[in-house]
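Derivation of every value follows stated rules applied to the coordinates shown; laboratory data play no part. The model shown is predicted, which means the values in this text are computed figures rather than measured ones. Using ideal geometry, Cβ is built from the backbone for each residue, glycine included, and neighbour counts are taken over all protein chains shown.
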Amino acid sequence: MSKRLFYFIQDPYYGGGLKSMNAFIEQFLVKRGVMFSQVFLSAQKALSLNRILSLKLRLNHEVIDKPFRKVFVSSFPYIEPLAFVLPRHFLQKEIKQHDFFFGVTGYATPLYFFKCAGVSYKMWLATTLDSEKKAQPKFTNFRQKVVHFLNSLFIPLSRYQEKQALLGASKIYTLSTQSKKEMVEIGVPEDRIEIMCPPVDTKKFIPPQDEHFREPIMLCVCRLDDPRKNIPLLLDAYALIKNDCPEYRLVLAGPYDKTVVDMVAERQLESSVELIGLQTQEQLVLLYQKAAFFVLSSRQEGFGIVLAEAMAAGLPVISTKSGGPEDVVVDGQTGYLVDHEINSLAEKMKALATDASKRELFGKNSLERVRSLYSYDAVEAQLEDIFADVLPS
């Protein structure tokens, strides 16, 4: 009889590397014919009753065209550590119907219920609790501030749950050397942690057929309205070199708000900075193919999936040293890693803008690196080992 996998996801609406990893694992399990239940638990999205209802309608039933169950578990909406404990009776009932347990979350706290259930489990994590909280943006509206305050009172409990979940796991996978280092500092044995990066679809994200298709575009793709992405630094660096590279435009793709518009206006960059909003995957592929190089100015990145996507399209990349990018970008070979300093970033942006041969060399190196380390085939080999116990023979 085939073993059934309990596959837990913290939140189906998380983006970035977490979203990419979940989509890839789901695709792998379906392709290999694994019997599994995909269980979602989202406390923060439960703040909206309409969101709960819509998720239940969409997820809380057998999906006919997919060979697995999707279950959404609503929970206590305000205090995070309680949110992952209160639905334990339902979760324990689900656990009894399964044989193998795996979770994909931002950090380990949501998987504390695995530890409480006394089962053997593995997990994939983006970061640690403290790293996530440190990188959170400032909250502006009253409700967000209240929720943040309530959660801050329970940080010691959240840390306890995180540590117990980490120590109880038989194997932990994470997306960067920095995240692994932070988990070792919490007390996890180093040999129990393995790096597994979110993969890039190297058949979709590809270079243009003709390099002459490229335009003088410095490209950045991210959540522009997220303070962690540090867009002011990028704008200030671009402003320093704009007159030296007059043919270049800075194109910013991703969700943005009035604050970002004002940042551009304050620097009088409206004529050379383009805010193009959220893009589809097809539009992103075209953007990467058109750009001359890619820039990311984040304060904190767990991995930086957009860097890997850009590299898959044959782009040289520049990134601030912010955690994950130090694993992705090879300084001086696929692009540049810089400190969080305007002149340093501006210098490297100008260096790539004015040296076509260097862009070509770094672009080729980027493409080779992504295909060897971050392609679907490369990461799928790790999934074969993770899910060996539930793969049909």
(request) Starting from the Kirkwood radius over alpha-carbon pairs of segment 170-212, derive D by Stokes-Einstein at 37 °C in a medium of 0.692 mPa s and give it in µm² s⁻¹. (result) 259 µm²/s
(request) Divide the volume of the convex hull of the Cα atoms of the chain by its number of residues and quote the answer in cubic angstrom per residue. (result) 145 Å³
(message) Going by amide H atoms built from the backbone, whose H comes under 5 Å of the H on Gly335, apart from near neighbours?
(response) Val317, Val330
(message) Given Cα positions, please report Rg to Rh for segment 211-373, the hydrodynamic radius being the Kirkwood one.
(response) 0.92
(request) Pull up the cross-link candidates among the lysines for Lys242, meaning alpha carbon to alpha carbon under 29 Å and not fewer than 8 places away within one chain. (result) Lys229, Lys258, Lys290, Lys321, Lys348, Lys350, Lys358, Lys364
(request) Could you give the size of the charge dipole of segment 145-252 about its Cα centre, using +1 on the Cβ of each K and R and -1 on the Cβ of each D and E, expressed in debye and rounded to the nearest 20? (result) 460 debye
(request) Give the distance, in whole Å, between the Cα centre of segment 148-196 and the Cα centre of segment 372-391. (result) 23 Å
(request) Could you pull out every whole DSSP H run in the chain that spans at least 20 Å of Cα extent along its own axis and averages -1.0 or higher on the Kyte-Doolittle scale? (result) 16-31, 356-373
(message) Report the number of Lys pairs in segment 101-224 whose alpha-carbons are under 19 Å apart, with separation of 8 or more residues or on distinct chains.
(response) 19
